[in-house]
Structure formats: structure tokens, C-alpha cells
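What follows is a set of notes on a single structure, which appears directly below.
The values are calculated or read from the model by the stated rules, or taken from the named source; none is laboratory data. What you see is a predicted model; the values in this text were computed from it and never measured. Cβ placement follows ideal geometry from the backbone for every residue including glycine, while neighbour counts extend to all protein chains displayed. Surface accessibility is based on the protein's heavy atoms, side chains included, excluding ligands, DNA and RNA. Shrake-Rupley method; radii C 1.70, N 1.55, O 1.52, S 1.80 Å.
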Amino acid sequence: MKTLTSVIAATAIAALTATGIVSAEPKSGGTLIMGTTQKARHLNPAVQSGIATAVPGTQIFATPLRFDENWKAQPYLAESWSTSEDGKSITLNLRKNATFHDGKPITSEDVAFSLETVKQNHPFKSMFAPVVSVDTPDAHTAVLNFDKAHPAAFLAMSGALLPIIPKHVYGDGQNAKTHPANSKPVGSGPFKFVEFKQGEHIILEKYENYFIEGRPYLDKIIIKNYKDSTSATLAMDKGEINFLPFMSATRDIARLKKNKDLAVTNKGYEAVGPLNWLALNTSNQYLKDKRVRQAIGYSIDRNFIVNALHGGLSKLATGPVAPGSPYYAADVNKFDLDLDKAKSLLDEAGFKAGADGKRFSLKVDYIPGPSEMQKNVAEYLKPQLKKVGINVELRAAPDFPTWAKRVGGHDFDMSMDIVFNWGDPVIGVHRTYTCGNIRKGVIWSNTQSYCNEKVDGLLTMAASEQDQAKRISLYQDVQKIIVDDAPQIFLNTLPYHTAYSNKIGNAPLTIWGSMAPMDNVYIK
């Protein structure tokens, strides 16, 4: 196995050869100033999902593994690992020189404690549900034991998903979700906490005793909050900040692409897998018929959405797994625009058009906030579905909690939605489709009330299949069924881009992007 250092070195050399640029070795010093519109509630990813916590959290806390740009696991806190033949245990061999930011050693007890904290408190319950115990035979060996093979554990031990938190801080009996250390953390990663002013900024500094010698290169990371994407983009254009990830507004992306002092790329979001879709409530009197759901799919011109509404910067989404994932299935029904077929399906379902051309009415919700991926698409649906006799009424929500309460409570007909894959399908895909995850009051669960026992069976098999080729095949079969059943109409991937100054070396462009440690990032 290549070491992390050799992978980074090879990648850097290849990039320099391709561009003809000659550059010195990475050097220490300097400050990365990042812009964001995401307002973190706290800084502990063990009990909170989402970008706002994950970006600073992955600098403050280390994970057992990290992943490169090719979806390959690399050593991090675990310098090596092994899997039992039956797949029911993974042994992590931890670095012996790793310490928390208060100087206390990181041990296998901390790994066991962290995993249990995540299992009990993180919203992604499927990540570590099969874990039955963690053995700690010595200070630097942790053995994860599962009730069945669990290949998803590898991705779940990277990014922001299994931060190693100090047992001597969090094991004091207080609630992990509200622990005061969440906003003033003692970390295990390359950067230590300095200051957190909610909605204003987060300041992190280099941890001098970080377990990878010579890292991190940066002296400091400052994350500055901006009220909206336009303000953040203007700051980036002016050089007030030098790093801006998770850009999704196409006008902002196009603007920064014109700045010769910046690099703008869509790399670094492969594991995030951000999908924009139209969710359909399958318990609705009309939408419970698959033919109606399929008719809606054939009525929408997704090429118009991608090219006209998004300026060609988003990509077509064709199923529940995003393009770029090794589990992505290209061979599915693409629901190419076909209004005649849509009308025929509606007729077959028994919903004939009246004299006025109308068949029935449906409401469509959308996430309030940036309009491009949500409101604008919802507004496009109104005249488009009218062409096949479906009257669409837009229902705006005054804020995100209102939208989430409606959709999480299954109080909707159709809704625009944005959902992440989060690396492995077990983590971010299963939750939307399993019959057992139809839970009222929980957003980003199976809010479509979709249930197909064959899908459940295939997902169960894929979750524990150790042969990667067979696992991919199972997930591809699942995608074909789900797309045909159409509990959602898959529209596009979010056009996430990262803009960064040309003076930044080794920009974080692995599959987790800026939700991965930036210990190898440097200022030229």
C-alpha cells in the first residue's frame, strides 16, 4: 500500500508536469482564510452532521482513516488495519505518537468511546449499527466487532464521520449533544481550537505536536461567515479570503472563473454526492400509483434545468447514487422528456383530462434559501406539468424549520429536496428507501413512504457483501428498481465548486474535499 505521503507527492508531481509549472516543496507558514455561509451550531461532528460542523471539525479532530481522490483508504490515526476473513471484525493499529491537543495520548479507549458516542448520538444510525463491541487489547489496538460483515465501516471511519474525541473530556457523564466542549473542543487533528464566535468566525491554529511529522504546513485557518453567497463571492474576488468551498450559485461560479488569480474546480465532492430531486409522497391519492409518478418524470425536461436554469454547471442526476461514486449505475431509465408518454400513463392510471385539460392538482414545496436549485425549479414545474394536465400549486415556507416539519411530517404532495450520499450507500442512500425508516417527524429519512421488499432485501445483501464487484452489482440492481418505481424524480447534482487562490498548494480535492484534514495544504 502506498503511504499517504507518497500519494500526495505523486499527485503533486503529476500536476506540475501537466501544467509545466515548477514549484518548490511545500513550506510551512501562512494563513488559509475560508469563506462560508454555513453557520455552525458547534464544532463536534460526533453528534452533528452537515457541512457547517464537518469543515472545521475535520481540522480539529482526526479519524482512523482518510481517503484519497481515487476512493482508496489511506492511513491516518490508524497506521494500518486488517479485516477478518468473515468480515465481522476490523483491527486498527493506532499510531503510538498521537496526542490530543491537551497533550494526553490518544488510545484505543478513545477510539472505542468515540465510536459509541457517534453510534448513540449521530443522526446517521446505519453507519455503525452493526457494531456490537470494540475490543481494546492494548493502548494502540482497537478491534471493531460487527454482527455481520460491514464494508461501509471504512468510509464511515473517514471524513467527519468518526472524529476521535477525548474520553477524559467527554466521558464525564454530561450529554454529548450539549456538552460544553462541543463549542470549545480539545481535538486530535492537525489544528487546535482558538476561538468560535457563532455566525462570525472560527479560528484554528497549527498543533505543533501533530502526529504526522512536519505537518500541518499552515500556521492558521480562519473560517469567516458571510450573510449570503454573493457576499462571500465578492470577498473571494477581491482577495479578502483565499479559499471558498461549497459554491453552488452558478453566477458566482462563473464570476470567479474569470479571475486569473484563482482556480475554480468541481473536484472534491465525489463522496458528498449532492443530489437535487423532486420527492413524491407515495401515500398521496394520486402519487401512490407508480404510473402517475413515472408520468411526472417523463414531463420534466432535465436538460432545460441543467443548461438553462443552471448554466450548464450542474449535471444530470439519474438515480439515488450520484455520478462519481463507484456504486453509480448509468444503465437506468433516464426518463427523457416525452409528454405523449406521460399523458398515456396518466390515462392508464384512470386520470383522464377534463374538458379544460385538467386531471388533478398537486402542491409542491421547496427548501427556502438560494433559489437556483429549489424555488426556480419548482416554478418551472408549474407550466411544465400543466402540459400533461397536472395543476401545480407552489407552497412556500417562511423558513427551513417549517419546510422540514412539513416534509419530515409527510405533510406534502411533492417537494424539491437536496440529499447527500455521504460516501457509502449504507450511510446516505439506505435511509431514503428502507421500509423500516418511514418515520414521521424525521427529515431526510424515508419521507416518501416508499416501501419495496425486494429493494429492502437487496440493500440488506449489499450492506454486508465483502466482494466489491458483487456489491457494486447489487447496488446497481437496486438503482434500476428505485428509478423505475419513481419515489423521486432525480433532477441534477448540485454544481458544488471550490475557488481558491493560485498561491495555495495541495488544495483539498480528495473525495471529501474541505471535509477532510488540510494538514498538507500550504501557501506557496
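Tabulated data
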read-out: Phi to ³J(HN,Hα) by Karplus 6.51 cos²θ - 1.76 cosθ + 1.60 over region 492-498, Hz, x for Gly, Pro; value: 7, 7, 5, x, 4, 9, 10
read-out: Amide H contacts under 5 Å for residue 67, placed H, 5+ residues apart; value: 74, 159
read-out: Pair residue 338, residue 396: separation of 7 Å Cα→Cβ label points (nm); value: 3.7 nm
read-out: ³J(HN,Hα), Karplus 6.51/-1.76/1.60, whole Hz, each residue of region 217-227, x for Gly, Pro; value: 7, 5, 7, 7, 10, 10, 10, 9, 8, 10, 5
read-out: Cα-centre dipole for the chain with unit charges at Cβ (Lys and Arg positive, Asp and Glu negative), debye to 20; value: 1180 debye
read-out: Percent carbon-and-sulfur accessible area, the chain, ignoring ligands, DNA and RNA, probe 1.4 Å; value: 50 percent
read-out: Residue 132 paired with residue 209, simple spin-label distance in nm, labels 7 Å along Cα-to-beta-carbon; value: 3.9 nm
read-out: Label-point separation, residue 141 to residue 379 (7 Å along Cα→Cβ), nm; value: 6.3 nm
read-out: Relative compactness, the chain, computed as alpha-carbon Rg over 2.2 N^0.38 Å; value: 0.99
read-out: Additional length obtainable on full extension of the chain from residue 97 to residue 257, 0.36 nm per residue less Cα span; value: 53.3 nm
read-out: Accessible area (Å², 1.4 Å probe, nearest 10) - residue 63; value: 0 Å²
read-out: Residue-wise HN-Hα coupling along region 275-285, computed from phi with Karplus coefficients 6.51, -1.76, 1.60 (Hz; x: Gly, Pro); value: 10, 10, 9, 9, 7, 10, 7, 6, 8, 5, 4
read-out: Linear extension gain, residue 238 paired with residue 405, 0.36 nm per residue minus alpha-carbon span; value: 56.2 nm
read-out: Nonlocal amide H pairs with residue 359, under 5 Å, H built at 1.01 Å; value: 354, 390, 391
read-out: Nonlocal amide H pairs with residue 99, under 5 Å, H built at 1.01 Å; value: 106, 211
read-out: Angle in degrees between helix 51-60 and the longest Cα principal axis of the chain, rounded to the nearest 10; value: 10 degrees
read-out: Compactness of region 309-426 as Cα Rg over 2.2 N^0.38 Å, two decimals; value: 1.22
read-out: Cleavage-rule hits, trypsin sites (Lys or Arg not before Pro), region 336-439, DSSP coil, Cβ neighbours within 10 Å at most 16; value: 352, 358, 387, 439
read-out: Positive-end extreme of charge dipole, region 191-320 - chosen from 314, 236, 280 (charges on Cβ); value: 280
read-out: Cα-centred dipole magnitude for region 260-387, charges only on beta-carbon of K, R (+1) and D, E (-1), debye, nearest 20; value: 320 debye
read-out: Exposure rank, largest accessible area first [194, 272; 1.4 Å]; value: 194, 272
read-out: Cβ-based net charge around residue 395, under 11 Å, with every Lys or Arg adding one and every Asp or Glu removing one; value: -2
read-out: Residues residue 435 and residue 86, FRET efficiency given R0 of 25 Å [Cβ-Cβ distance, rounded to 0.05]; value: 0.35
